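Reading through the structure tokens given below for one structure.
Where a number appears in this text, it was derived from the coordinates with a stated rule and is not lab data. Given the structure is predicted, the values throughout are model-derived calculations rather than measurements. Here the Cβ positions follow ideal geometry from the backbone for every residue, glycine too, while neighbour counts run over all protein chains shown.
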Amino acid sequence: MNISLNRPLAIFDLEATGLSITTDRIVEIAILKIHPDGTEERYEKRVNPEMPIPEESTAIHGITDEDVADCPTLKDLVNEIESFIGDADIAGYNSNKFDLPLLAEELLRVESGFNLSGRKHIDVQNIFHKMEQRTLVAAYKFYCQKQLENAHSALSDARATWEVLDAQIGHYEELNSDVDFLSEFSRFGDVSRVDFAGRLAYNDKGQVIYNFGKHRGKTVEDMMKTEPGYYGWMLDADFPLYTKQCLRNEMQRIKDATDAKNNQSYEDKLDALKNKFNRS
């Protein structure tokens, strides 16, 4: 095993009704959990998405409405999923862009408080694209010298992703085996994301900025002064729930900081008046 683990690594893959983070639902989840000593655990469940599965999605992963009609919903499974992941770091293939935002969205829909952000996230596809720019099937053949059977079966894809990640670390001398390094190296783009969908990010001063559209690069705090309606528009628009939650958190932080500053200003004025009174 080439990777260095201080805590478990959960490699996961989702099959869904489609590609929209905000409107589509999970139909299958598989997690391969690698422990620091190299032992493995696996979790695999079909999920009733409580909505029809489009034919074009079934054509990709082979899962039909009939296949999941009697399966548990995500709300039924959320406790065991959270328990299985535990405090593990997360890895996947294209996970930073799709699987992780979708899972975060689904957990919020069932009112889960599970924190996916307080851990490292490794996107094997980003490492692969930076190094070779190929697909998972090609990556599996290139790094592992194997043909990927049952592509788009969640567990098969998750296991192939794990094998590719481990082989990547052994293949490239410039890849550190440390999870912190791999998480940073596989990060999408040149900014540090606040939300999984990348609509909010941190600038080089650690301030939260909008990371899309005409206001890309502007801080949330500055926008509240110049165009306060933009915040309300985002909350009403078709953005992921997790993005909206992160935006609300930043707005609350700004409000708390402003209140604290105003209170301090009031206290300073009161102290000045007391000093003036005492001198007289």
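Taking every alpha-carbon pair under 8 Å whose residues sit at least 6 apart, the stretch 9-188 reaches a relative contact order of 24 percent. Where does the charge balance sit around residue 67 when Lys and Arg score +1, Asp and Glu -1, over other residues with C-beta under 11 Å from its C-beta? Once all neighbours under 11 Å are counted, the net charge is -4. Under 21 Å of direct C-alpha separation, and excluding same-chain neighbours fewer than eight residues apart, residue 141 reaches these lysines: 130.
Å³ per residue of the Cα convex hull, for the chain? All intermediate terms of the calculation are to be shown ahead of the outcome.
Working: hull volume 50.1 nm³, N = 280.
Spelled out: Cα convex hull of the chain, divided by residues, is 179 Å³.
The C-alpha atoms of the chain define a longest principal axis, and helix 100-109 lies at about 70 degrees to it. Could you work out which residue, out of 109, 159, 253, moves most in a Gaussian network model of the chain, that is, has the largest mean-square fluctuation with Cα springs under 10 Å? With Cα springs under 10 Å in the chain, the top fluctuation among 109, 159, 253 is at 253. May I ask for the net charge around residue 102, where only other residues with Cβ less than 9 Å from the Cβ of residue 102 are counted and Lys, Arg are +1 while Asp, Glu are -1? So the surrounding residues net to -3.
Mean-square fluctuations from a GNM of the chain, with a 10 angstrom spring cutoff on Cα atoms, peak among 199, 248, 25 at 248.
Calculate for the chain the 222 nm mean residue ellipticity that helices alone would give, adding -39,500 (n - 2.57) per DSSP H run of length 4 or more and normalising by residue count, nearest 500 deg cm²/dmol. Before the final figure, lay out the partial values.
Details: 11 runs with 129 residues, N = 280.
Taking each H run of at least 4 residues, the total per residue is -14000 deg cm²/dmol.
Just to confirm the number: angle between the C-alpha axis of helix 74-85 and the first principal axis of the chain, 0 to 90 degrees, nearest 10? Orientation of helix 74-85: about 90 degrees from the principal axis.
The H on the amide N of residue 16, modeled in the peptide plane, is under 5 Å from the matching H of 27, each at least 5 residues off or on a different chain.
From the Cα gyration tensor of the stretch 1-69, with a ≥ b ≥ c the square roots of its eigenvalues, which class applies: rounded if a/c is under 1.5, or else prolate if a/b is larger than b/c, or else oblate? Note, shape of the stretch 1-69 comes out prolate. Rounded to the nearest 10 degrees, the angle from helix 241-279 to the longest Cα principal axis of the chain is 20 degrees. In a DSSP loop and with at most 12 other Cβ atoms within 10 Å, the GluC sites (Glu not before Pro) in the stretch 35-105 are 50.
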